[in-house]
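Read through the structure below, which is laid out as structure tokens, and then see the notes.
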Amino acid sequence: NVQMNSAPPGLFDSDWFGPLGGLLARVPMLSSLGNHDIRVARGQWYLDALSLPTNGPPGLAERNYSYDYGNAHFVVIDANAFVPDGDTTYTNPAAQRALITTWLTNDLHTTTQLWKFVSYHHPPYTSQGTHNDAEVMKATLSPIFEKYGINIAFQGHNHFFERINPINGVNYI
């Protein structure tokens, strides 16, 4: 388990691509930035190591993106802009949250896919664990998920599996 907050770009080869090589040859994997990914170089090492879609909001494109696969629409969000973590990744978090929410709203409004999924790191809803609910995520993004019929929201940050009964129609895992 590598702490990418202290890992130079070359460590992705041995600690990400190496162990996951067999799986990555068969299954697409598109990830979202977590709090450890942004602690050094503001996530640039992560962005340099991975080839991610660039259809996100201006200036935040690879940090936030969407794609279709079959009859499903997937959205990946960099939740770091919504969680005050004492870091300097986002120099103007309010403006960057606005860019992300505007892009997300437009993206979900225009998709015609049957299934809609979002993925991000910090959970708006979680049981009491090592991290509490991300209140800004809950107040800002959850209403958008509800309005546009997100089927499942995949979230991380807490280091355990948790499936919550649907909240306002959205399944948070």
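The values are calculated or read from the model by the stated rules, or taken from the named source; none is laboratory data. Computed from a predicted model, the values in this text were never measured in an experiment. In this analysis, Cβ positions are derived from the backbone assuming ideal geometry, glycine residues included, and neighbour counts consider all displayed protein chains. Surface areas here come from the heavy atoms of the whole protein model, side chains and all, with no ligands, DNA or RNA. Shrake-Rupley method; radii C 1.70, N 1.55, O 1.52, S 1.80 Å.
In the chain, carbon and sulfur make up what percent of the accessible area (probe 1.4 Å)? Intermediate values should be presented prior to the final figure.
On the way: 4870 of 8950 Å².
Roughly 54 percent, rounded to a whole number.
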Fill in: Calculated Rg and Dmax of the Cα atoms in Å (choose from (1) 18.6, 59; (2) 17.6, 59; (3) 15.7, 43), label
(3)
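Once a ≥ b ≥ c are taken as the square roots of the eigenvalues of the Cα gyration tensor of region 91-173, is the result rounded (a/c under 1.5), prolate (a/b larger than b/c) or oblate (a/b not larger than b/c)? Before the final figure, lay out the partial values.
Numbers: a/c = 2.15, a/b = 1.18, b/c = 1.82.
Since a/c reaches 1.5 but b/c is at least a/b, the shape of region 91-173 is classed as oblate.
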Worksheet entry | Pair HIS36, ASN158: separation of 7 Å Cα→Cβ label points (nm) | 1.9 nm
Response to the item:
Taking a probe of 1.4 Å and leaving out DNA, RNA and ligands, the chain shows per residue an accessible area in Å² of 52 Å²
Worksheet entry | Size of charge dipole - the chain - debye, nearest 20, with Cβ of Lys, Arg +1 and Asp, Glu -1, no other charges | 260 debye
Item to complete: Work from the charge dipole of region 30-173 (Cβ charges, +1 for Lys and Arg, -1 for Asp and Glu, about the Cα centre) and give the residue of ILE100, ASN71, THR130 farthest towards its positive end.
Response: ASN71
Worksheet item: Once label points are set 7 Å from the Cα along Cα→Cβ at both ASN55 and ASP13, what is their separation, rounded to one decimal in nm?
Response: 3.2 nm
Worksheet item: What does a probe at ALA72 reach in region 21-35, counting residues whose amide N is under 14 Å from the point 7 Å along Cα→Cβ?
Response: 27-31
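Rounded to the nearest 500, what is the 222 nm mean residue ellipticity of the chain from helices alone, with -39500 (n - 2.57) per DSSP H run of 4+ residues and division by all residues?
Details: 5 runs with 43 residues, N = 173.
That calculation yields -7000 deg cm²/dmol at 222 nm.
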Item to complete: Along Cα→Cβ, 7 Å out, is where each label goes; now give me the distance between the ones at THR102 and LYS147 in nm to one decimal.
Response: 1.4 nm
